[in-house]
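S.K.: So that we are looking at the same thing, I have put the structure below in structure tokens.
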Amino acid sequence: MKNIVLASSSPRRKELMDMLDLSYVIEGSSVDESLPEGILPGEAVEGLAYQKAKEVAQRYTDSLVIGADTIVVVDDLILGKPQDDDDALAMILRLQGRTHCVYTGVAVIDTSTGRETVAHEVTVVEFRNITEEEALRYIKTGEPQGKAGSYAIQGYASTFVRRIEGDYFNVVGLPVFRLCNMLNEYAVWVF
């Protein structure tokens, strides 16, 4: 089996890869995650996932490199990672009491053949009503920093989630079902 490289330093993606019991190494990318005005969410996450995988793939031979990127979308507005606590507060209050979509793009590049596969997954998440006081308490936990949409569904923010429709792991940061299907195309089986 080829070496597998995860082009991400996200602890959440590492946990999900560990769950799959695949042997892999981590090599974070330094891709600029800023997005052009008017880009569609699916194009945005696929493009960033591909750029991350492509950058890391240049340093490897005979490997499968996996890149991923996650965003949150509400009112056609793309929410990435918060810049600071004020930004996190604005995002959480924008999401409260509403439904939003979480997009994660995944790219797989085979460095020995040049074959590339890119796709994305969408999960719908509905938040309950959240008071500003609750949001501020949540921000003080530090959990929103570095998270698309300023929340981690697997952490304290799980108390905000009324329902989800789709792949839970997609919201965590790596659509496991989609990734496994992609890896199967490269003759990599989880079990």
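S.K.: I need every pair where a residue in segment 55-78 that is on the phi > 0 side of the Ramachandran plot and without any contact (Cβ under 8 Å) to a residue 40 or more places away in the chain has its Cβ under 9 Å from the Cβ of a residue that is surrounded by fewer than 24 Cβ atoms within 10 Å (Cβ to Cβ) and not in a loop (DSSP other than H, G, I, E, B), sequence separation at least 6 or different chains.
M.R.: Asp75/Arg94; Asp75/His100; Asp76/Pro41
S.K.: If you don't mind, there's one more thing I want to ask. Cβ contacts < 7 Å: first residue at positive phi and free of Cβ contacts under 8 Å to residues at least 60 places away in the same chain, restricted to segment 21-32; second residue outside any loop (DSSP other than H, G, I, E, B) and not aliphatic (A, V, I, L, M), any location; separation 6+ or different chain. Result?
M.R.: Cβ pairs passing all conditions: none.
S.K.: Collect the residues in segment 68-122 that are farther than 16 Å from Lys147 by Cα, in contact with an Asp or Glu (Cβ under 8 Å, 6 or more places away or on another chain) and not acidic (Asp, Glu), keeping them in residue-number order.
M.R.: Result: Arg98, Thr99, Val106, Ala107, Val108, Ile109, Thr111, Ser112, Thr117, Val118, Ala119, His120.
S.K.: Could you pull out every one of the strands (runs of 3 or more DSSP E) wholly within segment 82-191 that has 3 or more residues that are surrounded by fewer than 16 Cβ atoms within 10 Å (Cβ to Cβ)?
M.R.: It comes to 116-127, 161-165.
This table checks each residue for (1) out of contact with any helix residue (DSSP H, G or I) (no Cβ under 8 Å at 6 or more places or on another chain); (2) at positive phi; (3) among the aliphatic types (A, V, I, L, M); (4) touching a residue at least 40 places away in the same chain (Cβ under 8 Å).
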{"position": "Ser112", "(1), (2), (3), (4)": "yes, no, no, yes"}
{"position": "Lys140", "(1), (2), (3), (4)": "yes, no, no, no"}
{"position": "Gly146", "(1), (2), (3), (4)": "yes, yes, no, yes"}
{"position": "Arg178", "(1), (2), (3), (4)": "no, no, no, yes"}
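Values in this text are rule-based calculations from the coordinates and carry no lab data. Given the structure is predicted, the values throughout are model-derived calculations rather than measurements. When we count neighbours, we look across all protein chains shown, and the Cβ atoms used for this are built from the backbone with ideal geometry, even at glycine.
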